[in-house]
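The values are calculated or read from the model by the stated rules, or taken from the named source; none is laboratory data. From a predicted model like this one, the values you see are computed outputs, not experimental measurements. Don't worry about glycine lacking a Cβ; one is built from the backbone with ideal geometry, like all the others, and counts go over all protein chains shown. Quick note on the areas: whole protein, heavy atoms, side chains included, nothing else; ligands and nucleic acids left out. Shrake-Rupley method; radii C 1.70, N 1.55, O 1.52, S 1.80 Å.
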Amino acid sequence: MKENRYEIRIGGSGGQGVILMAVILAEAVGVYGGQFVCQTQSYGPEARGGKSKAEVVVSGTEIDYPKVIQMDLFLAMNQPSLDAYFYDFKPNGLLLVDSTFVEQIPTSRVIAIPFTRIARQEFKQEMVANMVALGALGHLCPQVRVEHLREALLARVPPHTRALNGDAFAAGLAAAQGVDLAALPHSIVSEEQGDEV
Amino acid sequence: MERIEQLRHTYLRHDKKFPHVWCPGCGNGIVLGSLIRAIDRLGLTQDEIVLASGIGCAGRMSVYADFNTLHATHGRALTFATGIKLARPELTLIAVMGDGDATGIGGNHFIHAARRNLNMTAIIINNQIYGMTGGQYSPTTPYGAHAATAVFGNLEHAFSIAELAVTAGASFVARGTVYHVPELDRLLEKGIAKNGFSVIEILSNCHTQFGRRNQMGDPVTMMRWLKEHAVPAVKAGDLAPESIEGKFTIGVLVDREKPDYLKEYERVRAEARQKAAEAKP
Amino acid sequence: MSGTGAGRRVLLQGNEAIVEGALAAGCRLFAGYPITPASEISELMSLRLPAVAGTFIQMEDEIASIGAVIGASLAGVKSLTATSGPGFSLMQENLGFACMAEVPCVIVNVMRGGASTGLPTSPAQGDVMQARWGTHGDHPIIVLAVSSVADSFEITVHAFNLAEKYRVPVIILSDEVVAHTRETFVLPGPDQVEVVDRMRPSVPPQWYKPYADNSRGVPAMAAMGDGYRHHVTGLIHDESGFPTQRGDEINALVRRQFRKITNGFFEIQMTRSFMMEGAQVAVIAYGSVARSAKRAVRMAREQGIDAGLLQLVTLFPFPRKDVDQVLRQCKAVIVPEMNMGQISREVKRVNRRCRIITYNRVDGQLITPEEIFEELGG
């Protein structure tokens, strides 16, 4: 399938702001970036706690199936969501985890950044961990431009929290800038083979 | 007599609607007469009145009167009326229902309409029975009374409709009977004129279905029963409790000022307009 | 939000796009009761309607909600309610009233898993037959299915237009996937969409017959309070609107109500063909499943399989003309549905010229492209 479909999944627990991250990402790519985008989520009846999953599919052409088929990028904000949603990970896909909560990592192709610890230490608020993670995504995800992401973020959050969220975003961006993507180990399964699975 | 002719000519529909479906001696016709006199006295035009009704004998009233009329589904007259009032606040909404209609199948709508306080009038003709379907017991059939489905006597206890409306928050609540007609005229007039949700419960006779099963098989006996059991609400407080045992009060039970829903909603509209204007880039 | 011409490029959920579509179509009253996964429609309406001099009201249940919607429409205001399966069940009674009294209105059912309380947060397509036959008695009705955010806007506008044009309730079937998927979409400006309004009487009030037949079978409709006093009832009625038990009048009413939909069949029938040229095997799908089917067809074509897709937008009146062509053209047709087989029965009723394969999924998950691809011989 020669379309430039790029699939992102974000997993966490309800209340971590997983869906908000996906919405901001979708807005950055779709509204500011002008690409086709589908953002979906699955959730349980609880507003807080429980597992939460949000997905963003990006494409240069109209998107048919709106959900993730094989992930290009998976951001796991905690261990249970990593365990539950790691399936259908693409060979040479990118796994990004919040190392504050994730200890067991099923692949060596991983970037581990302590989003929650950064939020706690630098901003005294765990709540902004999702914005820290979004900053890191801005650097690591090739489909989105950092300025679009920042713009979308500032437009979505309540005005009085803009400064805080913007700073958290910058902190995540800085943390990810030290990462060398080329240095990550490669999958021995080629992407072409992966498609056949 | 000439005046009555004129009212009849003005307010009743002439072609194909008569004879009506009600039994000879039925109280529904008395209520319709009272309603027409009240509307006439208030000077309202026929075009500005919407008469909505539910299902059952009382529900058939809407077809005979020459207003904007709506014969809704069973128990739902108030929900349709709510939509009409919200869409055209300048119209005068009157809903006519029976006891089973308003407090059985439509009980939930009734208490919420009272709570919401839209400016409309609910007329509930309480004949203590499901008449049209053949005399089954209703939410207002007295304990021990006989009905087609209570051959051995009713085991359930009756709602007191007017008191229910008071508790639910209606702005104006009154009770009348089809025997006390001049007073009924005045109660309906007050209720329709009231700005807020008004309830007028009207005790009526169904000698065919209720009376026949409860030793009151003719309209005169039932009228006598209504006369003997009605106690004016203004006097009830002064009477010894045992003397009003098994009786009911008539007159105005509540007349209070509450914020009108649509007036409140104007405030919502103003705020929403402002918020929308601010959100524009 | 960046502006593109007269429209705006926005990221919206399906539920939000329904609100935008309704407002663009001239809807000015919403009455509803909270229910997952349709509540976003209520919430957004409560914010948007008062700003455009419209009215939002949260009623005590879904029975009351559709009652208020019918009342408002009788008073001349286009109105909407939205719910999911359990609430849709409660609405069936008054839905029948809207059919009988020919009251234009739009009802959105965001389908979730059923029966009963079922799966509140998961998608399904189990209410298709209920949408057609849920209310008792013979009645005409239009049922449309949406598959994307753009659809949710456009089909909602169209639903209002059809409701007004034919004086029928129109049901929009969405599902949890469409309702909660956010997609970018260029929201047209207020004057960019065609809006249809009901025919109002052009005769003086004393000549007005609210249910008089005409060549279209759709009588002119006066609003309450406009001076055209008349009677509206759920009873079978004559052309003046008054109850009747005369056989000739009963027959005239019921047959006219069916005729008006039959007359408009080709306008109401909406389908979308995808890669149907030369197709030997086809998928017939609707709602979110049509999206999976589209991808499955692409995958099959890449494998050299002559596959195509007929997406049904109108579910009722069943688009039998378009389906008939597909059944004549293909050797096999696959009907994937998130139910135990509902539209597949209608497909089979059209003709049995080719093999009709049902594919059903009822575990609260969207059917995937791979599943349909396999059925296509991939």
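Worth pointing out:
- 1.4 Å probe accessible area per residue over the range C:272-375, in Å²: 41
- Average partner coverage of A:29-40, which counts Cβ from other chains inside 10 Å: 5
- When a 1.4 Å probe is rolled over the protein heavy atoms, the share of accessible surface on chain C that falls to carbon and sulfur comes to 49 percent.
- Placing dummy labels 7 Å off each Cα toward the beta-carbon, the span from B:Glu2 to C:Asn251 is 5.0 nm.
- Centre separation in Å (Cα based) which lies between the range C:92-155 and the range B:5-44: 40
- Taking a point 7 Å out from the Cα of A:Val179 in the direction of its Cβ, the residues of the range A:31-73 whose backbone N falls within less than 17 Å of it are A:56, A:71-73.
- Interface burial for B against C (accessible surface, 1.4 Å probe, total of both chains, Å², rounded to 100): 3400
- Shielding by partners - mean other protein chain Cβ count within 10 Å, residues of B:60-73: 6
- The share of accessible area on chain A that comes from carbon and sulfur is 52 percent, using a 1.4 angstrom probe.
- Antiparallel DSSP beta bridges within chain C, percent to nearest 5: 35
- Calculated on the Cα set of the range C:25-169, radius of gyration then Dmax: 13.9, 40 Å.
- Whole-angstrom gap from the range C:22-71 to the range B:145-162, using each part's C-alpha centre: 39
- Ordering C:Ser240, C:Gln280, B:Asn126 by the projection of their Cα atoms onto the charge dipole of the protein assembly as shown, which places +1 on the Cβ of Lys and Arg and -1 on the Cβ of Asp and Glu, puts C:Ser240 at the extreme positive end.
- 1.4 Å probe accessible area per residue over chain B, in Å²: 43
- Three principal axis extents describe the C-alpha atoms of chain C; from largest down they are 69, 51, 43 Å.
- The mean number of partner chain beta-carbon atoms within 10 angstrom of a residue's beta-carbon across peptide C:54-60 is 6.
- Calculated FRET value between C:Phe258 and C:Thr117, using beta carbons and R₀ = 41 Å, to 0.05: 0.75
- The contact between chain A and chain C removes approximately 2200 Å² from the accessible area (both sides summed; 1.4 Å probe; ligands, DNA and RNA excluded).
- Average accessible surface area per residue within the range A:6-176, 1.4 Å rolling probe, Å²: 37
- The slack between C:Asp226 and C:Arg328, meaning 0.36 nm per residue of separation minus the straight C-alpha distance, is 31.5 nm.
- Considering only the Cα atoms of the protein assembly as shown, their convex hull presents on average a projected area of 41.5 nm².
- Nearest-20 debye value, the range C:108-240 charge dipole, Cβ charges on Lys, Arg, Asp, Glu: 280
- Heavy-atom accessible area, 1.4 Å probe, ligands and nucleic acids excluded: residues of the range C:221-246 down by at least 50 Å² from chain alone: C:Met224, C:Gly225, C:Arg229, C:His231, C:Phe242
- Chain C: calculated mean residue ellipticity at 222 nm from DSSP helix runs of at least 4, using -39500 (n - 2.57): -11000 deg cm²/dmol
- Since only B:Tyr179, A:Ala136, C:Ser344 are under comparison, the one whose Cα sits farthest along the positive direction of the charge dipole of the protein assembly as shown, derived from C-beta charges on Lys, Arg, Asp and Glu, is B:Tyr179.
- Candidates B:Phe248, B:Phe67, B:Phe18, ranked by Gaussian network fluctuation over chain B, Cα under 10 Å, top entry: B:Phe18
- Toward the positive end of the charge dipole of chain B, with +1 on the Cβ of Lys and Arg and -1 on the Cβ of Asp and Glu, the farthest Cα among B:Leu44, B:Leu7, B:Ala162 is that of B:Leu44.
- Point-to-point label distance, A:Ala112-B:Glu271, nm (Cα→Cβ direction, 7 Å offset): 5.0
- Helical contribution to [θ] at 222 nm, DSSP H n ≥ 4, -39,500 (n - 2.57), averaged over chain A, rounded to 500: -10500 deg cm²/dmol
- Separation of the B:Thr221 and C:Val203 label points, Cα + 7 Å toward Cβ, nm: 5.1
- The count of lysine pairs in chain C whose Cα atoms are under 14 Å apart, excluding pairs fewer than 8 places apart on the same chain, comes to 4.
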